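Structure first, then comments.
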Amino acid sequence: MNLVKSKKHRYDPPLARQADQDTLISANNTLAFDLYQKLKNGGGNLFFSPYRISSALTMICAGARGENLEEMANVLHIVPLLDKFWLGCATNLGVLRSVTSQDRLHRALSRIDYDLKQRGVLGKDRPKDTFCLHVANTIWGQEDYEFLPQFLDVLAECYESGVRTLDFAKDPERSRLTINEWVADQTGERIKDLLPQGFVHEMTRLILTSTTYFLAQWKYRFSKQATSGGIFHLLNHNKITVPMMRREAELKYAKGDCYQAMELPYDNCEISMVILFPKPNRFETFQRSLDTDLVNNVLMKLKNEDIGLVMPKFEFSSSFNLSSTLTTMGMGLAFSDKGDFSGMTGSNDLFLSDMLHRSFVSVDEAGTEAVAATASVLGTGRSARVHEVTIDAPFIFLIRDVKTGNIFFIGRVTNPSLVTDAPLSSMC
């Protein structure tokens, strides 16, 4: 495996307009719910990282041109960040050649990524292993392709990355194993064998992998001594017994006609989990209406309240090949041999083969995807103002950046998994 990379480097911090960053975050959040509406029909639990998906595809946009770029920009909602200008007359007939500048787009994402990484920087008051968000996107290309300097410059200046080349044509199995090894390393060995045997073949020319590793402890932890079995109501009206965590804390809380919502901060107060708990008989209706407007309206209603919270522990994984989903959303050219990625190599013979995404989530007394940690003791005092909230039926949750509103993860729990006692691996 070789890494083809520009000699240029990213500026720290990257220079980008705040308005462009806000536009890109809004685009990511819109894509989050677009994807949710497409993926929700699979049934069962669901978890994915829309931010990593959108940022990975935005990186691919650096090599997209023409109608292919237009399709991708529309699906990603990033058209406002693309500037089109004209370069002289291409013929004596006065036909102008248009060029689309992506400079604002990639600089905005570079700055957002940079600021995000600062969320995990340890300070003197923050213990080790209390927060980590490790993300990686990689483009894997056929080794005998010569990538354009302009494309490599964008990857280096905005993404601190390059193109990893493999010989898909002559040795697809070794290429598959190499990618799987890289993914396992990026996820602390949590995700292994991402690409199944036979998935990579002689005609593969480009693969994009996106990985995420998240670790955070609650600001107000649950007591393990307070966890006990409780009833959870499934969508089919059956009941199961699952471990239910219990605690009292001052949380941001809101209530609507068909839902309850609350925000659970992590220990750095920079990231939080927002739980959207529809009334059991309104879950499907609430889920169909889920979009940025609904969520923004809920977030604006959140107010500090004393909450007696009961919620299930859960642990599960989700994996998707997003090529078919993104094709139905309007990005068909990118995943066909008609896709124009001439901004990568100067020719049109390179195309996006697959985009694979897998996530794993575990929520327990200590936090989310947390290594075993000491739990705080539940307070014994009870206020007359306490709202009792028992999450005993399917719910939706978001993990977001509090300052910017950027949604990193979105998930749905319809049937909580049993949590193992084995400590989770930590790579941070």
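The values are calculated or read from the model by the stated rules, or taken from the named source; none is laboratory data. These figures come from a predicted structure and were not determined experimentally. Backbone-built Cβ (ideal geometry, glycine too); neighbour counts: all protein chains shown.
Condition check ((1) part of a helix (DSSP H, G or I); (2) at pLDDT 85 or above; (3) not assigned by TED's automatic domain parsing to the domain that holds residue 337) across all residues:
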{"position": "7", "(1), (2), (3)": "no, no, no"}
{"position": "15", "(1), (2), (3)": "no, yes, no"}
{"position": "30", "(1), (2), (3)": "yes, yes, no"}
{"position": "40", "(1), (2), (3)": "yes, yes, no"}
{"position": "60", "(1), (2), (3)": "yes, yes, no"}
{"position": "70", "(1), (2), (3)": "yes, yes, no"}
{"position": "94", "(1), (2), (3)": "no, no, no"}
{"position": "100", "(1), (2), (3)": "no, no, no"}
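Restricting attention to segment 231-248, does a residue exist that is under 19 Å from the mean Cα position of the chain (by Cα), among the charged types (D, E, K, R), surrounded by fewer than 18 Cβ atoms within 10 Å (Cβ to Cβ) and outside any loop (DSSP other than H, G, I, E, B)?
No, segment 231-248 has no match at all.
Starting from segment 339-350, take each residue that is among the acidic types (Asp, Glu) and list its partners that are surrounded by fewer than 20 Cβ atoms within 10 Å (Cβ to Cβ) and not in a loop (DSSP other than H, G, I, E, B), counting only C-beta distances under 6 angstrom and pairs at least six apart or across chains.
340/66
For residues that are among the hydrophobic types (A, V, I, L, M, F, W, C), surrounded by 20 or more Cβ atoms within 10 Å (Cβ to Cβ) and modelled with pLDDT of 90 or more, tally how many sit in segment 252-274.
5
All but one of (1) within 23 Å of the chain's Cα centre (by Cα); (2) more than 30 Å from residue 403 (Cβ to Cβ) hold for residue 346, so report the exception by its number.
Of (1) within 23 Å of the chain's Cα centre (by Cα); (2) more than 30 Å from residue 403 (Cβ to Cβ), only one is false for residue 346: (1).
Based on this model, can you work out whether residue 276 counts as within 27 Å of residue 154 (Cα to Cα) and aliphatic (A, V, I, L, M)?
The answer is no for residue 276.
Please work out which one of (1) farther than 17 Å from residue 353 by Cα; (2) modelled with pLDDT of 80 or more; (3) surrounded by 18 or more Cβ atoms within 10 Å (Cβ to Cβ); (4) touching a Lys or Arg at 6+ places or on another chain (Cβ under 6 Å) is the condition residue 184 fails and give its number.
Just one mismatch for residue 184, condition (3).
Please determine, by comparing only the residues of segment 143-178 that are in contact (Cβ under 8 Å) with a residue 40 or more places away in the chain and of a type in the set (Gly, Ala, Ser), which one is farthest from residue 106 (Cα to Cα).
162
Which of the residues spanning segment 191-230 are assigned to a loop (DSSP other than H, G, I, E, B) and over 27 Å from residue 155 (Cα atoms)?
Selection gives 196, 197, 198, 219, 220, 221, 222, 223, 227.
Could you grab the pairs with beta carbons closer than 9 Å, sequence gap of 6+ or different chains, first residue in segment 31-47 and over 14 Å from residue 322 (Cβ atoms), second one in a helix (DSSP H, G or I) and among the aliphatic types (A, V, I, L, M)?
Cβ pairs passing all conditions: 33/294; 33/295.
Can you name the condition, by its number, that residue 167 falls short on among (1) at pLDDT below 85; (2) closer than 19 Å to residue 344 by Cα?
(1)
Out of all the residues in segment 6-26, is one or more farther than 29 Å from residue 147 by Cβ, in contact (Cβ under 8 Å) with a residue 12 or more places away in the chain and touching a Pro at 6+ places or on another chain (Cβ under 9 Å)?
Taking every residue of segment 6-26 in turn, none turns out to be farther than 29 Å from residue 147 by Cβ, in contact (Cβ under 8 Å) with a residue 12 or more places away in the chain and touching a Pro at 6+ places or on another chain (Cβ under 9 Å).
Please enumerate the residues belonging to segment 106-130 that are among the aliphatic types (A, V, I, L, M) and at pLDDT below 75.
Within segment 106-130, 121, 122 meet the criteria.
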